[in-house]
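Notes to accompany the following structure.
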Amino acid sequence: MMSLLAIFAAEPVSFSACLGPVRRSSPSISEQHFDVWSRAVYRADASWEMGTGTVSFADNALLALLTKASRGVALVSDMRTRRESVPPARASLCRRGRWVFAHDGTVEDRAYLLSRTSAFRACPGEPEADLLLAFLLTRLDESDLAESEASNAVDDVVRAAASEIVRRIGSFSFLLCDGTALYAHRFDRSLYLRERESSGRLPAVVVVASEPHTSEGWVHLEDRTLVRCRNLQTSQTSVSALDIGFLSGRDPRPTSEVELPFTD
């Protein structure tokens, strides 16, 4: 079993503080034994800090471990459980250049996936996560966007790639992040979203997870939903904010929680 967790903040932040109080009995964490975890933190100096390990505990202690890292603006992590006496496979988080990727699910047509991946990106003998990231980067390469920061053009490419995954490649949810944007796609595996507005203590934060780990008001993403979160800070203003866009699927947030555009 896999469990995904991503945190994206408008400014560098302590991830343990922005996750909030963890419920004493998360639906799956309290019942499963998580053996392998991996974590990627995008730091204020625009570099990724990678980490992985094994654990023999659950609930608050595991999430505390995942979020105990240097301050940053983005965290992507995953956890994998042991199946009976079978040793757990490695966690699905992988990185290529500026991009990190994690997924929960199964590639159903590996041959098609490889046929749609360039020779430059191809890695036929690698685990599914590496193959999937290579596929996504091939799509970005085709538009010369693999090294570009968040933009509407990158959104369009990721949306088209997610649609292709749904039609041909497999049933899984994924997280894709380059530190300037976080993409979360749900297909046949649950994903939840929690949006926290900025306060005097914390900047605006978005959390995406396989399950709601806190007692706050999470929203369940519908199947085939692709949501993108990026930072809106510019050189003209010192105010940081997050732009959350639903590139496919319905926006499930209550109307009262959705920011309306300012008009004068």
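How much length is gained on full extension from Ala153 to Ala17, taking 0.36 nm per residue of separation minus their Cα-Cα distance? It would help to have the intermediate numbers written out before the result.
Numbers: separation 136, 0.36 × 136 = 48.96 nm, distance 3.30 nm.
Separation in residues times 0.36 nm, less the Cα-Cα distance, equals 45.7 nm.
Can you list the trypsin sites (Lys or Arg not before Pro) in region 158-223 that are in a DSSP coil and have 13 or fewer other beta carbons within 10 angstrom?
Working: sites: Arg159, Arg167, Arg168, Arg186, Arg189, Arg194, Arg196, Arg201; in loops: Arg189, Arg201.
Here the sparse-neighbourhood loop sites are Arg201.
Just to verify a number: FRET efficiency for Thr106 and Ser143, C-beta to C-beta distance, R0 = 22 Å, to 0.05?
0.20
For region 173-190, in order, what is each residue's ³J(HN,Hα) by Karplus, 6.51 cos²θ - 1.76 cosθ + 1.60 with θ = phi - 60°, in whole Hz (x at glycine and Pro)?
9, 9, 10, 9, 8, 10, x, 9, 8, 10, 10, 10, 10, 10, 8, 6, 10, 5
Tabulate in residue order the Karplus-calculated ³J(HN,Hα) for region 196-203, using 6.51 cos²θ - 1.76 cosθ + 1.60 with θ = phi - 60°, rounded to whole Hz; enter x for Gly and Pro.
Per residue, the Karplus-derived 3J(HN,Hα) values read 10, 6, 5, 9, x, 9, 10, x Hz.
Using 7 Å Cα-to-Cβ label points, what is the Val55/Arg71 separation (nm, one decimal)?
2.4 nm
Sequence-distant or interchain residues sharing an amide H contact under 5 Å with Ser171, placed H: which?
Under 5 Å from the amide H of Ser171 lie the amide H atoms of Thr106, Glu108, each far enough along the sequence or on another chain.
When the Karplus curve 6.51 cos²θ - 1.76 cosθ + 1.60 is applied with θ = phi - 60°, which whole-Hz ³J(HN,Hα) does each residue of region 128-133 get, with x for Gly and Pro?
My calculation for region 128-133 gives 4, 4, 5, 5, 5, 5 Hz in order.
List every residue whose amide H lies under 5 Å from the amide H of Gly72, counting only residues 5 or more places away in sequence or on a different chain, with H placed 1.01 Å from N in the peptide plane.
The answer is Val13, Phe15.
In terms of modelled amide H atoms, which long-range or inter-chain residues lie less than 5 Å from the amide H of Leu247?
Leu226, Val227, Arg228
Mind running the shape call on region 113-235? Use the C-alpha gyration tensor, a ≥ b ≥ c as the square roots of the eigenvalues: rounded below 1.5 for a/c, prolate if a/b tops b/c, oblate otherwise. List each step's numbers first, then the result.
Numbers: a/c = 2.39, a/b = 1.46, b/c = 1.64.
Here region 113-235 falls in the oblate category.
Quickly work out the Asp223-to-Arg96 label distance, labels modelled 7 Å from Cα along the C-beta direction, and quote it in nm with one decimal.
2.9 nm
Bear in mind that the values in this text are calculations on the coordinates, not laboratory data. Keep in mind that this is a model prediction, so the values were computed, not measured. Backbone-built Cβ (ideal geometry, glycine too); neighbour counts: all protein chains shown.
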